[in-house]
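Worksheet for the structure shown next.
The values are calculated or read from the model by the stated rules, or taken from the named source; none is laboratory data. Nothing here was measured: the structure is a model prediction, and the numbers come from that model. Heads up, the Cβs are rebuilt from the backbone with ideal geometry, glycines too, and the neighbour counts pull from every protein chain shown. Heads up: the accessible areas ignore ligands, DNA and RNA and are worked out on the full protein's heavy atoms, side chains in. Shrake-Rupley method; radii C 1.70, N 1.55, O 1.52, S 1.80 Å.
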Amino acid sequence: MLQFWRTISLGLKSLAQHRMRAGLAALGIFIGTTTVIWLVAVGEGISYRAEQQILELGARNIIVRTVRPATQSQTSAQTSKVERYGLLRADYDRIVSNIPGIEMPVAMREVPFSLRRGNRSLDVKLVGCTREHLRLNRLRIARGRWLKPVDNNERVVVLGDAAAQQLFPAEDPVGQNVWVGDDLYTVVGQTRPRIASAAIGGSLDARDYNQDVYLPLQSLRTHIGDLVIKRQSGENFRGQWVELSQITVRVRDVRWVDETAGIIEYLLAKFHPNEDYAVVVPKELLRQAARTRAMFNVLLVVIAGISLLVGGIGIMNIMLATVTERTREIGIRRAIGARRRDIVQQFLVETSLLSCIGGMLGVACGLMCGPVFRLVRWVVDSLQPDLLPPIVHELEPRIALWSIVLSLAISLGSGLVFGVYPARRAAMMNPIDALRHD
């Protein structure tokens with residue numbers, strides 16, 4: 001142990017004699033280590049923000065939908081003109097009362113309907129919903145207001161953007177009246193345009209929210225009812241009796257999604273022998289985000305690893321020059337009894353010290369990623385407020401512990417690997433030739 005500490009002390013003295021050279025060699029490791037930590041921190045920040053956006057899209061949501069069973073459609077055509085199937089209001093009550101950890105249960109009923117205003121008519125999807133529907137589907141109000149609890153039995157509607165433009169092309173629809181079937185309803189609001197949701201991994205159906213017309217769920221039940229009649233050829237008609245089209249629940253933690261979905265399926269199976277429902281878990285969105293995050297981090301580590309590789313090559317170059325300059329010293333040490341492994345150990349200790357010093361300074365600078373990022377963002381915003389895109393203002397670097405360990409391991413490893421050749425070259429010198437070297 002004493003010999004080891006003497007070797008380290010000798011290595012520090014040797015590096016101190018060439019401060020500029022040693023500093024430049026350590027600078028490569030410093031830059032590489034800092035780059036690893038900074039790139040991974042920024043990548044983690046971007047990935048975290050993307051995951052939060054995906055969570056907002058519904059990765060914690062469990063969607064239970066009404067499905068028309070095949071057995072029902074075959075038998076009903078022979079026995080009855082009214083089909084009764086789908087989710088019940090009692091199902092909603094059972095889910096809410098029996099399953100803990102649910103944050104926002106939302107029930108809705110969809111009915112195809114025709115709206116009229118003057119000589120204009122429009123086929124829309126009439127959506128009976130509650131106040132939480134606005135937040136769940138990330139809708140925003142352009143005019144007027146959204147539905148309130150006091151509207152439960154009132155004849156009021158909120159128009160989607162496209163529906164409002166077609167029925168009221170040159171007017172403000174708020175406060176105007178529209179015919180919903182044979183009843184007159186008052187328009188209390190209009191939503192902003194919203195891009196249609198696309199089907200992702202089979203979890204979410206494509207949907208155009210701009211053509212929807214919203215009214216209170218209780219109002220739809222009171223004034224329109226659960227039975228929807230569709231006229232067929234002649235005097236024939238076909239009816240569908242459905243209480244709820246969809247129940248959406250959001251759990252507090254994404255880890256509970258699969259377990260909660262299983263409980264919901266168990267509760268529904270007891271009261272729906274015909275399987276007139278479907279449970280959709282869009283957690284595939286989060287899995288895809290995790291895969292993208294992993295690939296992104298691998299790319300960042302490869303890029304930063306190249307920086308450490310360049311730093312290691314710089315160390316090897318410096319140590320080769322050092323071997324040439326210290327040839328006579330090596331000859332003297334061999335002449336007084338130093339073994340080859342002692343020479344190898346001496347040069348490996350020096351390269352390891354360079355790598356450790358550069359790596360530790362790199363870690364210290366890497367931990368300053370957040371404050372430096374915020375400072376640069378503040379300076380740029382002060383000089384040019386509109387230069388940075390909005391995503392930069394939402395981004396916050398997140399230091400990953402594994403990136404610190406990895407960068408230190410790579411920096412130390414590169415010092416050892418790139419120090420082996422100079423050390424062996426020094427150890428293999430002939431002592432007599434080394435003593436003759438000027």
Problem - Around TYR277: net Lys/Arg minus Asp/Glu count, Cβ-Cβ under 13 Å - result: -1
Handout entry: Karplus-derived HN-Hα couplings along region 243-259 (A = 6.51, B = -1.76, C = 1.60, θ = phi - 60°), whole Hz, x at Gly and Pro
Key = 7, 9, 8, 7, 10, 10, 10, 10, 8, 6, 10, 4, 5, 8, 4, 5, 5
Problem - Karplus (6.51, -1.76, 1.60) ³J(HN,Hα), θ = phi - 60°, over region 101-108, in Hz, Gly and Pro reported as x - result: x, 8, 8, 9, x, 10, 9, 8
Fill in the blank from the handout: Going residue by residue through region 137-142, the Karplus relation 6.51 cos²θ - 1.76 cosθ + 1.60 with θ = phi - 60° gives ³J(HN,Hα) values, rounded to whole Hz and with x marking Gly or Pro, of 9, 6, 8, 10, 8, 8
Handout entry: Local electrostatic count at THR191 - Lys and Arg +1, Asp and Glu -1, tallied over other residues with Cβ under 10 Å
Key = +2
Completion exercise
Amide H contacts under 5 Å for ALA142, restricted to residues at least 5 apart in sequence or on another chain and with H modeled in the peptide plane, are GLN190, THR191, ARG192
Fill in the blank from the handout: Straight-line reach check, LYS148, cutoff 19 Å on alpha carbons, 8 or more apart in-chain or any other chain, hits among aspartates and glutamates -> GLU110, GLU132, ASP212
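Leaving ligands, DNA and RNA out of it, rank HIS223, HIS393 by accessible area with a 1.4 Å probe, largest first. Spell out each step's value before the answer.
Working: HIS223 50, HIS393 85 Å².
Ranked from most to least accessible, the order is HIS393, HIS223.
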Completion exercise
In terms of the alpha carbon gyration tensor, root eigenvalues a ≥ b ≥ c, rounded if a/c is under 1.5 and otherwise prolate when a/b exceeds b/c or oblate, region 241-302 is prolate
Practice task
State whether region 321-434 is rounded, prolate or oblate according to the following rule on the C-alpha gyration tensor (a ≥ b ≥ c being the square roots of its eigenvalues): a/c under 1.5 gives rounded; otherwise a/b larger than b/c gives prolate, and the remaining case gives oblate.
Solution key: prolate
